[in-house]
Amino acid sequence: MNDTTQRYNGIAIGFHWLIAFLIISMLATGNFMVSLEESDPMRFWLTQLHKSFGIVAMILIVCRSLWRLTHRPPGLPDHMKTWEVRAAGVSHALLYLLIILIPVSGWIMVSASPLDLPTVVFNAIQWPHFPPFDSMPNKADISSLFADIHKLAGWALIGLLFAHIGATLRHQFILRDDVAKRMSPRLPGGGWAAGVVPLTGVVVIVVAALIAFGYSGSGSAPLGAGESRVDFTFTLQNEETQGSFSESSVELLLDTNNPAGSSLNATVNTATVTTGTGQIDSTLLREDWFDVEAHPQASFTSREMTAAGENIYSVYGTLRIKGIAKDIEFPMELVSVENKRIATGSFAIDRLDFELGRDSQPEEDSLGYQVVVSFEFEVQSQLRDQ
Ligand code: HEM
């Protein structure tokens, strides 16, 4: 007969509760952060923390799985029916599958993201992108496929957790067979199971040390971006004409101590283009111009940032309009306006490089080739005011 009073090993218990705590917090904060507006700096900040804690959870899950493979768990009580034993086996296997799939899919999602944002664990350790997903030609599709997997697996895990907790409560309060107590970090006679305290202590100290190291030092905290605006100027019948995109969002990870580890990513919703003249605006939506149906967004993704003077950075990266990618470089300056830090910059493009008006305005007689794009956005400190 199996001894149901036999307990899990203290290390297995420590892993179980550390991972349970992290996963439940990640499920709650993950769903909360995606409910925020994409331009909300809080979403950016939470996503960076989510990725950091997600990496910690992934490392613990790998260690726990290795521990499980090398250590047999205590057997189930003899009074359990065959179907109950099978259901427990299947649900435990599914739990393992999901807790591995979720962080790995998150990692692949950010590695393949066209935004190419670095994952810097607690702003302290640069985590590599998952090869080869970071350099595949159809990165955007892969990223969105794994974002769907991450989301669906998250919901499946929530369902399975309810079943898991329900089964535990049934053992505890209906069957009263003490199966649940075998995973308790407290021993029946009092005190902590051997291994629980050192394991939890090491994990808490390492995470706290990384946070303290990563977010200390003036100017080393990453900066996020708040409200943004993107304007452009072009020459129409020899007159300088202004336009803008009323919806844009910017993600900025700026480490003023280490500009090379920084990134700037911006998107505009092309359907929100406006020049104040209805006729021009409706033309700009068409296939020969921004082709908004096929290309709802235009984007800029930085590849390199370098300091070019006090509060001036040289930004180099890829501009994508109508799916056409061109490398550009421009200066970005941080200025203070009414107690706010604002980033501004501008660059010029040739509209024909992006096939804007290629068929209807191939010459520059009435509409110039050069378009000057200027941007401005509020820079916000992520964890504290600097
Ligand atoms: C056990 C670990 C994890 C859990 C339980 C978890 C859970 C979640 C959940 C529930 C969401 C919301 C999904 C949605 O409704 O769209 C989410 C979003 C996200 N997760 Fe995770 N996650 C984990 C690990 C990771 C890791 C390791 C990374 C990357 C390194 C990551 C990156 C992301 C990102 C970038 C989003 C936001 C997607 C968006 O903005 O649309 N996650 N996560």
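Per-structure values
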| item | result |
| --- | --- |
| Filter result (within 12 Å of F347 (Cα to Cα) and among the aliphatic types (A, V, I, L, M)) within the stretch 309-336 | V315, L319, I328, M332 |
| Residues of the stretch 17-59 that turn out to be of a type outside the set (F, W, Y), more than 18 Å from V120 (Cα to Cα) and surrounded by fewer than 17 Cβ atoms within 10 Å (Cβ to Cβ), as a count | 13 |
| Filter result for the condition that a residue is closer than 24 Å to Y215 by Cβ and either outside the structural domain of T119 (by TED's automatic domain parsing) or not in a helix (DSSP H, G or I) (or both), over L36, L76 | L36 |
| Members of the stretch 153-164 found to be more than 9 Å from the ligand (Cβ to nearest atom) and either over 28 Å from H92 (Cα atoms) or surrounded by 13 or more Cβ atoms within 10 Å (Cβ to Cβ) (or both), listed by number | A156, L160, L161, A163, H164 |
| A348 over 19 Å from Q237 (Cβ atoms), modelled with pLDDT of 90 or more and either outside the structural domain of S244 (by TED's automatic domain parsing) or part of a strand (DSSP E or B) (or both) | yes |
| Complete set of residues in the stretch 79-113 that are among the small types (G, A, S), within 16 Å of the ligand (Cβ to nearest atom) and not in a loop (DSSP other than H, G, I, E, B) | S105, G106, S111, A112 |
| Identity of the residue in the stretch 131-150, more than 19 Å from T301 (Cα to Cα) and in contact (Cβ under 8 Å) with a residue 24 or more places away in the chain, that ends up surrounded by the most Cβ atoms within 10 Å (Cβ to Cβ) | F146 |
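Residues checked against (1) more than 7 Å from the ligand (Cβ to nearest atom); (2) not aliphatic (A, V, I, L, M):
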{"position": "L27", "(1), (2)": "no, no"}
{"position": "V34", "(1), (2)": "no, no"}
{"position": "W45", "(1), (2)": "yes, yes"}
{"position": "K51", "(1), (2)": "no, yes"}
{"position": "V56", "(1), (2)": "yes, no"}
{"position": "I59", "(1), (2)": "yes, no"}
{"position": "C63", "(1), (2)": "yes, yes"}
{"position": "W67", "(1), (2)": "yes, yes"}
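The values are calculated or read from the model by the stated rules, or taken from the named source; none is laboratory data. This is a predicted model, so every value here is computed, not measured. Quick reminder, even Gly has a Cβ in these numbers, built from the backbone with ideal geometry, and neighbours come from all protein chains shown.
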